[in-house]
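Student: Before we start, here is the structure in question, set down as structure tokens.
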Amino acid sequence: MLSLPERVTIIEVGPRDGLQNENQFVPTEVKKRFIHALRLAGITEMELTSFVSPRWVPQMADAAEIVADCLDDKKKDIVLTPNRKGIDRLLATNCQAAAVFVGVSNSFNLKNINKSTSDSMAELRPLIERLKEKQYFVRACVSTAFYCPYEGKISEQDTHELCREFIEAGVDELSVADTIGMAVPSEAYSLFSRLKDQFSDILLTAHFHDTRKLGLANIMACLQAGVDRFDTAAGGLGGCPFAPGATGNTATEDVVYMLERMGIHTGVDLSKLLEAIEIVRPYVSHPIESSYYRLHQRE
């Protein structure tokens, strides 16, 4: 008999992680409509945007306007703040939830933010402390938790150790990511079982890219490990500009369909979710390839 949760929280990452790798700028008004439609579909936690340099991630150049116009004080809206400048920008807004990130892989960090893993953590600790003093919710995104595009397989112990460092720094949530979509269910179950066992008091979220079409299988493994929070992106949008080979996130609609069919409540309305996808679909560089979306289009 499977041991599964009765309810799962979907953290929608489409507006930030989903769009950040698009070369063609998605109009700001389209992003706003997309975010609003996702809320209407029942999404209660969402990565809105990122306070990063437009030079490095041009798609996020409108971050300040997105935050100013799209915050909902009844939802958990998260903004990625990778450094001191990003956090300073966040503190000037009404957003109360920040995301920080570090890759387990040194090579990934050096390509991404020009710092090693240890140097990144040394810089982030006082910033996390500053945010917690001001009573912000802090989400730590742990990238390359399974594999790295430059180093290959990542040690489970190394991932565990970085998660421990984040917890000791005071974060509220760990979002642990298979950044390039190479993990298999046995690896997902092993890592997340260990994290659930060792860090039972922290919010633990699994984040799978669907590069090799293993996203749903890995989520199923995590459910059995006791995980009840998942990052997903409507339409399977996504990719990482600093991780060659990374494709889209596991599609929100496919995850919701699977969970609801299994009797696990998500609170997400699939028909309204499809309406949200239609808003952004004409502005992304590739077809929407999620199974639920394609099957719905044939009906």
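The values are calculated or read from the model by the stated rules, or taken from the named source; none is laboratory data. These numbers were taken from a predicted model, which means no experiment stands behind them. For neighbour counting, all protein chains shown are included, and Cβ atoms are generated from backbone atoms with ideal geometry for every residue, glycine included.
Student: Consider region 162-186. How many of its residues are at negative phi and touching an Asp or Glu at 6+ places or on another chain (Cβ under 8 Å)?
Tutor: Summing the residues that are at negative phi and touching an Asp or Glu at 6+ places or on another chain (Cβ under 8 Å) in region 162-186 gives 3.
Let's see how each residue does on (1) over 26 Å from VAL268 (Cα atoms); (2) among the basic types (Lys, Arg); (3) without any contact (Cβ under 8 Å) to a residue 60 or more places away in the chain; (4) out of contact with any helix residue (DSSP H, G or I) (no Cβ under 7 Å at 6 or more places or on another chain):
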{"residue": "ALA169", "(1), (2), (3), (4)": "yes, no, yes, no"}
{"residue": "THR205", "(1), (2), (3), (4)": "no, no, no, yes"}
{"residue": "THR211", "(1), (2), (3), (4)": "no, no, yes, yes"}
{"residue": "ALA217", "(1), (2), (3), (4)": "no, no, yes, no"}
{"residue": "LEU223", "(1), (2), (3), (4)": "no, no, no, yes"}
{"residue": "ALA233", "(1), (2), (3), (4)": "no, no, no, no"}
{"residue": "GLY238", "(1), (2), (3), (4)": "no, no, no, no"}
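Student: Looking at (1) more than 18 Å from the chain's Cα centre (by Cα); (2) within 19 Å of PHE230 (Cα to Cα), find the lone condition where PRO149 falls short.
Tutor: (2)
Student: Look at region 25-39 and say how many of its residues are assigned to a helix (DSSP H, G or I), surrounded by fewer than 20 Cβ atoms within 10 Å (Cβ to Cβ) and not β-branched (Val, Ile, Thr).
Tutor: So the count comes out to 5.
Student: Only residues in region 153-166 that are within 15 Å of LYS196 (Cα to Cα) count as the first member; pair them with residues that are in a helix (DSSP H, G or I) and among the basic types (Lys, Arg), Cβ under 8 angstrom, at least 6 apart or cross-chain, and list the lot.
Tutor: Once the first residue is within 15 Å of LYS196 (Cα to Cα) and sits in region 153-166, its partners that are in a helix (DSSP H, G or I) and among the basic types (Lys, Arg) give GLU156/ARG194; HIS160/ARG194.
Student: Let me ask something additional. What are the residues in region 279-292 that are under 22 Å from HIS36 (Cα atoms) and in contact with a helix residue (DSSP H, G or I) (Cβ under 6 Å, 6 or more places away or on another chain), if any?
Tutor: Correct list: ILE279, VAL280, TYR283, ILE288, SER290, TYR292.
Student: Kindly indicate which of GLU253, GLU260 is surrounded by 14 or more Cβ atoms within 10 Å (Cβ to Cβ), farther than 13 Å from ALA234 by Cβ and of a type in the set (D, E, K, R).
Tutor: Among GLU253, GLU260, only GLU260 is surrounded by 14 or more Cβ atoms within 10 Å (Cβ to Cβ), farther than 13 Å from ALA234 by Cβ and of a type in the set (D, E, K, R).
Student: Right, here's the next one. Select from region 47-78 the residues that are touching a Gly at 6+ places or on another chain (Cβ under 8 Å) and among the aliphatic types (A, V, I, L, M) and list them in ascending order.
Tutor: Across region 47-78, the qualifying residue is only VAL52.
Student: Right, here's the next one. Being under 20 Å from ARG125 (Cβ atoms) and among the polar types (S, T, N, Q) is the filter here, so list the residues in region 159-197 that pass it.
Tutor: Listed by number, the residues that qualify are THR159, SER175.
Student: Out of everything in region 162-180 that is more than 21 Å from LYS132 (Cβ to Cβ) and at pLDDT 95 or above, what residue ends up being farthest from the chain's Cα centre (by Cα)? Spell out the reasoning first.
Tutor: Narrowing region 162-180 to residues more than 21 Å from LYS132 (Cβ to Cβ): 177-180.
Those still in the list that are at pLDDT 95 or above too: 177-178.
Details: ALA177: 8, ASP178: 10 Å.
Step by step, filter region 162-180, then rank; the result is ASP178.
Student: Would you mind finding the one in LYS134, LYS111, LYS74 that is among the basic types (Lys, Arg), buried (at least 17 other Cβ atoms within 10 Å of the Cβ) and over 19 Å from the mean Cα position of the chain (by Cα)?
Tutor: Working: LYS134 fails: buried (at least 17 other Cβ atoms within 10 Å of the Cβ); LYS74 fails: buried (at least 17 other Cβ atoms within 10 Å of the Cβ).
Just a single option satisfies the conditions, and that option is LYS111.
Student: Right, here's the next one. Residue check: is GLY103 within 17 Å of the chain's Cα centre (by Cα) and surrounded by 18 or more Cβ atoms within 10 Å (Cβ to Cβ)?
Tutor: Working: within 17 Å of the chain's Cα centre (by Cα): yes; surrounded by 18 or more Cβ atoms within 10 Å (Cβ to Cβ): yes.
Spelling it out, GLY103 is indeed within 17 Å of the chain's Cα centre (by Cα) and surrounded by 18 or more Cβ atoms within 10 Å (Cβ to Cβ).
Student: Still on this model: Is there any pair linking a residue in region 122-137 that is under 13 Å from PHE166 (Cβ atoms) to one that is crowded, with 16+ Cβ neighbours inside 10 Å, with Cβ under 6 Å and at least six apart or on different chains, and which?
Tutor: Correct list of pairs: LEU124/VAL100; ARG125/ALA169; LEU127/ILE87; ILE128/VAL138; ILE128/ALA169; LEU131/ALA98; LEU131/VAL138.
Student: Right, LEU223: assigned to a helix (DSSP H, G or I) and closer than 20 Å to ILE43 by Cα or not?
Tutor: yes
Student: Still on this structure: Hey, does region 184-205 have a residue that's under 19 Å from the mean Cα position of the chain (by Cα), among the polar types (S, T, N, Q), assigned to a helix (DSSP H, G or I) and surrounded by 18 or more Cβ atoms within 10 Å (Cβ to Cβ)?
Tutor: No, because not a single residue in region 184-205 is under 19 Å from the mean Cα position of the chain (by Cα), among the polar types (S, T, N, Q), assigned to a helix (DSSP H, G or I) and surrounded by 18 or more Cβ atoms within 10 Å (Cβ to Cβ).
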